[in-house]
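Working notes, beginning with the structure itself.
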Amino acid sequence: MDYLEIINVFKTIGEKLTYNKNEFLVKENQVCNFLGVVETGSLISYFEDDNCDIIINELYSTGFIISSYRSFITGVPSSGYIKAYTKSVIYTINKEQYVLLCKDLKWLSIFKDIADSLFVNKCSKETSLIKLKAKDRYKELIARRADIEQAFPQHIIASYLKIRPETLSRLKKP
């Protein structure tokens, strides 16, 4: 099932939520109680280090599954934040809906697709950070997500790639 199909499925049963720029969906040490799909807008997931510097973990835009998934599945408080970077519309289901829907094989299959997608994305990012040089990570990101530079500024993309903004500027030069 592709993202458009998942969005349509979530629209039929999910709650439509609108978040303004800089509004939090999840804060550190708060249990995430939703699994959602981004209809419009852009959001970031991040951690704060000991110096209160932001370290971007994920960039969400139209069609992306959004959740602090480990927190959602386990009930353990989130170790990071999810915040709207721009005004955003998300369709969400809560944990109770999720548990009930998992009893239906069709929904179980949909949730497996979602879990697989989240897992593959996490593994791909981890492998990229370990094996690829900064320039190759940037090229791979642009190839996978052509709209990323329209959705997020350079310093956010740089943090996501685990490089400095100056390095990203240099990498973008022909």
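A short reminder: the numbers here are calculations on the coordinates, not readings from a lab. Bear in mind that the values here come from a model prediction, so they are computed numbers and not experimental data. We place every Cβ from the backbone using ideal geometry, glycine too, and count neighbours over all the protein chains shown.
Dipole magnitude for the range 1-135: computed about the Cα centre from +1 point charges on Lys and Arg Cβ and -1 point charges on Asp and Glu Cβ, it is near 220 debye. Evaluated with a Cβ-only charge set (Lys, Arg +1; Asp, Glu -1), the range 3-48 carries a dipole of roughly 120 debye about its Cα centre, given to the nearest 20. In units of the rule-of-thumb radius 2.2 N^0.38 Å, the range 75-174 shows an alpha carbon radius of gyration of 1.37.
Based on the Kirkwood radius over alpha-carbon pairs, what value in µm²/s does the Stokes-Einstein equation return for the translational diffusion coefficient of the chain at 37 °C and 0.692 mPa s? The calculation lands on 194 µm²/s. Taking Cβ atoms as reference points and 9 Å as the exclusive limit, the residues near Y91 contribute a net charge of 0, counting Lys and Arg as +1 and Asp and Glu as -1. When only the Cβ of Lys, Arg, Asp and Glu is charged (+1, +1, -1, -1), the dipole of the range 86-174 relative to its Cα centre reaches about 460 debye. If you wrap the range 66-126 in the convex hull of its Cα atoms and look at it from every side, the mean projected area works out to 5.2 nm². Using a Gaussian network model of the chain in which every pair of alpha carbons under 10 angstrom is joined by a spring, one finds that among Q97, Q30, Q150 the greatest mean-square fluctuation is at Q150. For the chain, a Gaussian network of Cα nodes joined below 10 Å ranks D147, D136, D53 by mean-square fluctuation, and the top entry is D53.
As a proxy for reagent exposure, E58, E166 were ordered by neighbouring Cβ count within 10 angstrom, fewest first; the result is E166, E58. For the pair the range 1-74 / the range 103-174, the C-alpha centres are spaced 15 Å from each other.
For the range 14-110, the gyration tensor built on C-alpha atoms gives an oblate shape. Its axis ratio a/c (a ≥ b ≥ c) is at least 1.5, and a/b is not larger than b/c.
Length gained on full extension, E126 to K16: 36.5 nm, using 0.36 nm per residue less the C-alpha separation. In summary, the lysines within cross-link reach of K21, defined as a Cα separation below 19 angstrom excluding same-chain residues under 8 places away, comprise K83, K87.
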